[in-house]
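Asker: Once you've had a glance at the structure underneath, I'll fire off some questions.
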């Protein structure tokens, strides 16, 4: 296992959801150089984004021998205005680091490795910044009428298989999609999520805990993504997760800090694959406007979300530092805090 995203405590949940539901589908490669059919852009903005990861070596316990830190860089999109696979310009970092491409060729990351000076209680800051163009994206649902024959035919040709859905998910998915096209079905699913689930960043159940999500009707973006993903899978619609940013707080502070400091300005949403159209972004809580994606949404790397930290200690395998829930706040063994700040300008 090369690395894992720790900016969200649902590492295992993310892997489980997409291995069981979408990961088996082996969806087609992302066509990053052209807009999907029916998608238009407007109101482009340029954002300068800064990420700062604080790591504090524990005062007690096994000796730390290495700290590795990754910062995500945006994926290349049709509006990036830079050659692929870069999705941003003016990448800067401190201390010295290297920029590495992701294996899929869609994005890159900044990588640090610290092996010297790892004294107990010593603090380290890993800082990076980049400049990225991001417009509002809107899919016109009337631009092309995708049929269920299109969806089923595509799945058959590409030998796509889905995990057997839970009975309650299957029942809900079938009820909501009755007499609707695939595109209309996605909208119906997002309307249900918007009307039946409430935002609560302090919930403690995992992002893939469908029973807890449906019983409590509360959660944050990972929980909403899970429900949309499972509803779509129950209907045969291929999805994949989009990891990145929702730039809402320029100073990197919001009410979300009550549970995890690194939740602020972070977000996950979905892409659905529509035959004859391509990969189309969807905001699970968007309701009727689920196919309208604001400029503040920036896909920040195709492999992990925003940042990751791994450590190596005496007598221990390399691992992600542990997060522990204390009351309603998560605390990290390595005192990790990740802050995302930004400034913006309209093009």
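The values are calculated or read from the model by the stated rules, or taken from the named source; none is laboratory data. These numbers were taken from a predicted model, which means no experiment stands behind them. Neighbour counts run over all protein chains shown; Cβ positions are idealised from the backbone, glycine included.
Asker: Within the range 127-142, track down each residue that is over 21 Å from the mean Cα position of the chain (by Cα) and surrounded by 14 or more Cβ atoms within 10 Å (Cβ to Cβ).
Answerer: 141
Asker: Could you tell me whether residue 253 is at negative phi and without any contact (Cβ under 8 Å) to a residue 24 or more places away in the chain?
Answerer: So residue 253 passes the test.
Asker: Please go through the range 295-320 and pick out each residue that is in contact (Cβ under 8 Å) with a residue 40 or more places away in the chain, closer than 22 Å to residue 243 by Cα and surrounded by fewer than 19 Cβ atoms within 10 Å (Cβ to Cβ). Steps first, please.
Answerer: To start, the set of residues in the range 295-320 that are in contact (Cβ under 8 Å) with a residue 40 or more places away in the chain comprises 295-316, 318, 320.
Add one more test, that the residue is closer than 22 Å to residue 243 by Cα, and what stays is 295-310, 320.
Passing the criteria: only 296.
Asker: Right, something else. Can you pull out every residue in the range 282-294 that is crowded, with 22+ Cβ neighbours inside 10 Å and not in a loop (DSSP other than H, G, I, E, B)?
Answerer: Of everything in the range 282-294, those that are crowded, with 22+ Cβ neighbours inside 10 Å and not in a loop (DSSP other than H, G, I, E, B) turn out to be 282, 293.
Asker: Condition first: in a loop (DSSP other than H, G, I, E, B), out of contact with any helix residue (DSSP H, G or I) (no Cβ under 8 Å at 6 or more places or on another chain) and in contact (Cβ under 8 Å) with a residue 24 or more places away in the chain. Can you find one or more residues in the range 124-139 that meet it?
Answerer: Among the residues of the range 124-139, not one is in a loop (DSSP other than H, G, I, E, B), out of contact with any helix residue (DSSP H, G or I) (no Cβ under 8 Å at 6 or more places or on another chain) and in contact (Cβ under 8 Å) with a residue 24 or more places away in the chain, which makes the answer no.
Asker: When both residues are 6+ apart or on different chains and their Cβ atoms are under 6 Å apart, which pairs have a first residue that lies in the range 259-277 and is under 22 Å from residue 146 (Cα atoms), and a second that is assigned to a helix (DSSP H, G or I)?
Answerer: 270/225; 270/228; 272/186; 275/150; 275/154
Asker: Given the criterion in contact with a helix residue (DSSP H, G or I) (Cβ under 8 Å, 6 or more places away or on another chain) and either part of a strand (DSSP E or B) or surrounded by fewer than 17 Cβ atoms within 10 Å (Cβ to Cβ) (or both), identify the matching residue among 170, 119.
Answerer: 170
Asker: On to the next question. Would you check which residues across the range 304-335 are in contact with a helix residue (DSSP H, G or I) (Cβ under 8 Å, 6 or more places away or on another chain), within 22 Å of residue 253 (Cα to Cα) and part of a loop (DSSP other than H, G, I, E, B) and list them?
Answerer: 306, 328
Asker: Report yes if residue 186 is in contact with a strand residue (DSSP E or B) (Cβ under 8 Å, 6 or more places away or on another chain) and part of a loop (DSSP other than H, G, I, E, B), otherwise no.
Answerer: Judged against the criteria, residue 186 is not a match.
Asker: Would you mind finding the one in 219, 207 that is free of Cβ contacts under 8 Å to residues at least 24 places away in the same chain, farther than 21 Å from residue 72 by Cα and touching a helix residue (DSSP H, G or I) at 6+ places or on another chain (Cβ under 7 Å)?
Answerer: None of the other options fit; the residue is 219.
Asker: Quick one: how many residues across the range 64-118 are modelled with pLDDT under 95 and more than 18 Å from residue 131 (Cα to Cα)?
Answerer: So the count comes out to 4.
Asker: From the set of residues in the range 173-204 that are in contact (Cβ under 8 Å) with a residue 40 or more places away in the chain, in contact with a helix residue (DSSP H, G or I) (Cβ under 7 Å, 6 or more places away or on another chain) and more than 30 Å from residue 254 (Cβ to Cβ), which is surrounded by the fewest Cβ atoms within 10 Å (Cβ to Cβ)?
Answerer: 176
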